[in-house]
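This report concerns only the one structure given below.
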Amino acid sequence: MKKTLFFLGLALVLIIGSFSCATKQEPKPAAAAETNPFFTEWTAPFGTPPFPEIKEAHFIPGFTKGMDRQKKEVEAVAASAEAPNFANTVEALERTGELLTKVNNVFYALTDNNTNEELQKIEAEVAPILAKHNDDITLNDRLFRRVEAVWKEKDKPTLTPEQSRLLEKTYKAFVRNGAALDEAKKAELRKINEELSVLTVKFGENVLKEDNGFTLVLETQEDLAGLPPDVVTAAAEAAAAKGLSGKWAFTLHKPSCIPFFQYSARRDLRERLFKAFISRGDNGNEFDNKAVLAKIAGLRVKRAALLGYKTHADYVLEENMAKTPAGVYKLLDQLWGPALAMAKTEAKDLQALIDKEGDHFKLEPWDWWYYAEKLKKARYALDDEVLRPYFELKAVRQGAFDVAGRLWGLKFEPRADIPVYHPDVEVFEVQEADGRHIGILYTDYFPRPSKRGGAWSGAIREQSLKDGRKVTPVVFNVGNFTKPTAEKPSLLTFEETTTLFHELGHALHDLLSNVTYESLSGTNVPRDFVELCSQIMENWAGDPEVIKTYAKHYQTGEPIPQELVDKIKKAGLFNQGFATVEYMAACYLDLDWHTLSEPAEQDPVSFENAAMKKIGLIPEIVVRYRSPYFQHIFSGGYSAGYYSYIWSEVLDADAFQAFKETSLFDQATAGSFRENIFAKGGSEDAMALYKRFRGREPKVEPLLKRKGFLK
Ligand SMILES: [Zn+2]
């Protein structure tokens, strides 16, 4: 039983960004079954996938045979005549589905990293079949009764901590899917799930329609006051695409409207666009989301109650590090006061700037971006183009590898003999200091039409122990970084640089995993814990001492000047009060919606207003997502989970503090991080692991300091 089929949504973690379109490719002729690489042993070094031999036509037969085989394996476990125990039930179930996982992991790596129309077609075709296959397992009553029998014996001290964890995760996966309910309640659950899936899709579609439903069309030069040339050019292209050549168009998509809020000197136009932006899904038209979201929230309360939870948040958080809504509120409350105080200070600074310019109006939400941008320029003029020459991609990657080398003795040896799925991909064998093999890392950093947007990390093979032998991990880091040109190598922005370090952290989590069971290995951890390993790497990327070791001018080799390092640091603190408050207000809103314990439908506007009033949000700031377009929680997978980002930030700042207290490359601290965090994956409770590393629960002070909220 593998996580990809059981613990839905964890297959590919760690995604930043959005989707891109696909390339056209001719359909490939069907390959003969006997040459299907999924049915043969992989003979490339370290058993890596033979990408050049894997054709689109191999996937459907691969999935089909994989599911058939797992069905038989699962049936054998369910029908066993032996009395159920951990080995013959839970462990046996974990070991099913090997072929399916093999096909699945390669397939989903390709659909994200290097897709085409044919792969997309297959994706749409197999998604419901895989979902049904998964349901057939979790709703298999005989199987559940056996798992339940083992669960009842869970307190017997015969299991290792990892086995206890696997038992708990397996049992809960059944229960959370409704396996413990009687037939009538199962039917009710199915009905709720169906309604929810329709409503959440509808919610997303409405937001899309609303995003596209408003355009600010500008006709005169005066309307363009303050806008930089590239913003004007983009707006002219957007207008031409709408058949409005000679005019300029701004839309509600963030890449279009945020620059307008930042640069437009026309306060009246900023207000118009901003008001349209925050009214999405709340316009009383056919795409209004208020009734939709009220129904979603109500149905989630019903489902939670059916499954035995007080609220939807209790249902979601049980699986997270935070455990309970109270745990999340406690963390948010510790951060909110200092963040709000900083935002109020920032608001005063912006008001002072408005007054100084002689305008004397009161700062409003549509003014914030504009005056913040002005203040930023005045205080820390920092130009990406001045920084780029110091961040040549290969030097940055080597810098990240060197940090891993200094901390954990890791070596990254280039391997030109390992097959790749695209010429941009480079392969490294990751080794211990003494040369022992750890795993394989592919890096794939440049944009192309066959790749989706953003940056991510994933695994083609996850670490586990099989018959006493270690299955070694095969992982990839993917990005959409600045491409090299004929004249220049790839020169990164500082943000791209930290992203590269970030994704390497996720890769290390998978690479340094040392557990028995695949579904508990590496990054198979709770969502509010998974970003610890990636975000902590960003601290080294930006550390003044470390940055000088890798950020060298690509032409002169001169290390980055101290003055620029200082500017990077200061610019990082700018507007943090606003960013934190805007984001955290959305965390509170999410949690408030999902701690309802009565299914009665709420009026979204008054509900939201009350939630914002409760935390004292200032009128100059609007919550990052108002309810009618809060897709993360009403159509994405982040309900009761939007806080995860800042929870992980608390963890990474507090964990990095352990290095600051000793030294940046302290071997004992690094060793403890590897042993207690990287190596353990999801094999034990996340808080227990963290406490073993840090000697205590995480504290918020290091994050407050890093954000400049505490001196
Ligand atoms: Zn991440």
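Taking the conditions (1) open to solvent by 20 Å² or more (accessible area, probe 1.4 Å); (2) in a loop (DSSP other than H, G, I, E, B); (3) within 16 Å of the ligand (Cβ to nearest atom) in turn, Glu495 satisfies each one other than (2). Among the residues of the stretch 480-491, is any within 16 Å of the ligand (Cβ to nearest atom) and either modelled with pLDDT of 95 or more or hydrophobic (A, V, I, L, M, F, W, C) (or both)? Scanning the stretch 480-491, I find at least one residue that is within 16 Å of the ligand (Cβ to nearest atom) and either modelled with pLDDT of 95 or more or hydrophobic (A, V, I, L, M, F, W, C) (or both), so the answer is yes.
Quick check on Ala459: is it touching a strand residue (DSSP E or B) at 6+ places or on another chain (Cβ under 8 Å) and part of a helix (DSSP H, G or I)? Before you say what the answer is, go through the steps one by one.
Values: touching a strand residue (DSSP E or B) at 6+ places or on another chain (Cβ under 8 Å): yes; part of a helix (DSSP H, G or I): no.
Spelling it out, it is not the case that Ala459 is touching a strand residue (DSSP E or B) at 6+ places or on another chain (Cβ under 8 Å) and part of a helix (DSSP H, G or I).
Residues that are open to solvent by 20 Å² or more (accessible area, probe 1.4 Å), in a loop (DSSP other than H, G, I, E, B) and not aromatic (Phe, Trp, Tyr) do not occur anywhere in the stretch 530-538.
Quick check: anything in the stretch 503-517 away from the ligand (no atom under 13 Å from the Cβ), closer than 30 Å to Leu93 by Cβ, in a helix (DSSP H, G or I) and touching a Pro at 6+ places or on another chain (Cβ under 9 Å)? Explain how you work it out, then say what you get.
Of the residues in the stretch 503-517, the ones away from the ligand (no atom under 13 Å from the Cβ) are 511-517.
Within this subset, residues satisfying the condition of being closer than 30 Å to Leu93 by Cβ are 511-517.
From what's left, in a helix (DSSP H, G or I): 511.
From what's left, touching a Pro at 6+ places or on another chain (Cβ under 9 Å): 511.
Yes, there is a match, as at least one residue in the stretch 503-517 is away from the ligand (no atom under 13 Å from the Cβ), closer than 30 Å to Leu93 by Cβ, in a helix (DSSP H, G or I) and touching a Pro at 6+ places or on another chain (Cβ under 9 Å).
In the stretch 459-479, the qualifying residues are those that are more than 15 Å from the ligand (Cβ to nearest atom) and aliphatic (A, V, I, L, M), and the one that is farthest from Tyr550 (Cα to Cα) is Leu465.
How many residues are in a helix (DSSP H, G or I) and surrounded by fewer than 17 Cβ atoms within 10 Å (Cβ to Cβ) when one looks only at the stretch 224-265? The number of residues fulfilling the criteria is 10.
A single entry from Tyr390, Tyr380, Tyr329 fulfils the requirement of being more than 29 Å from the chain's Cα centre (by Cα) and aromatic (Phe, Trp, Tyr): Tyr380.
Taking (1) open to solvent by 90 Å² or more (accessible area, probe 1.4 Å); (2) in contact with a His (Cβ under 8 Å, 6 or more places away or on another chain) in turn, Asp211 satisfies each apart from (1).
Quick one: which helices (runs of 4 or more DSSP H) lie wholly within the stretch 566-666 and hold at least 3 residues that are closer than 30 Å to Tyr380 by Cβ?
576-594, 644-661
Of everything in the stretch 428-464 that is among the small types (Gly, Ala, Ser) and in contact with a His (Cβ under 9 Å, 6 or more places away or on another chain), the residue that is surrounded by the most Cβ atoms within 10 Å (Cβ to Cβ) is Ser457. Scan the stretch 521-554 for residues that are more than 12 Å from the ligand (Cβ to nearest atom) and touching a His at 6+ places or on another chain (Cβ under 7 Å) and the total you get is 1. Annotation note: of Val420, Val425, the sole residue that is in contact with an Asp or Glu (Cβ under 9 Å, 6 or more places away or on another chain) and open to solvent by 40 Å² or more (accessible area, probe 1.4 Å) is Val420. Got a sec? Which of Gly505, Gly557, Gly542 is touching a helix residue (DSSP H, G or I) at 6+ places or on another chain (Cβ under 6 Å) and not aliphatic (A, V, I, L, M)? From the options Gly505, Gly557, Gly542, the qualifying one is Gly505. Among the residues of the stretch 333-390, those identified as exposed (fewer than 15 other Cβ atoms within 10 Å of the Cβ), under 30 Å from Glu558 (Cβ atoms) and among the charged types (D, E, K, R) are Lys377, Arg379, Asp383, Asp384, Glu385.
Looking at the stretch 620-636, is at least one residue closer than 25 Å to Phe261 by Cα, touching a Ser or Thr at 6+ places or on another chain (Cβ under 7 Å) and among the acidic types (Asp, Glu)?
Residues of the stretch 620-636 closer than 25 Å to Phe261 by Cα: 620-632.
With the extra rule that they be touching a Ser or Thr at 6+ places or on another chain (Cβ under 7 Å), the set shrinks to none.
Within the stretch 620-636, none of the residues are closer than 25 Å to Phe261 by Cα, touching a Ser or Thr at 6+ places or on another chain (Cβ under 7 Å) and among the acidic types (Asp, Glu).
Taken together, Gly298, Gly281 contain a single residue that is in a loop (DSSP other than H, G, I, E, B), touching a residue at least 12 places away in the same chain (Cβ under 8 Å) and closer than 29 Å to Leu317 by Cα, which is Gly281. The C-beta contact set for the stretch 616-636 (first residue open to solvent by 40 Å² or more (accessible area, probe 1.4 Å), second residue basic (Lys, Arg) and modelled with pLDDT under 95, distance under 9 angstrom, 6+ apart or interchain) comprises Ser635/Lys202.
The values are calculated or read from the model by the stated rules, or taken from the named source; none is laboratory data. Computed from a predicted model, the values in this text were never measured in an experiment. Glycine gets a Cβ as well: all are built from the backbone with ideal geometry, and neighbour counts include every protein chain shown. All accessible areas refer to the heavy atoms of the entire protein, side chains included, with ligands and DNA or RNA removed. Shrake-Rupley method; radii C 1.70, N 1.55, O 1.52, S 1.80 Å.
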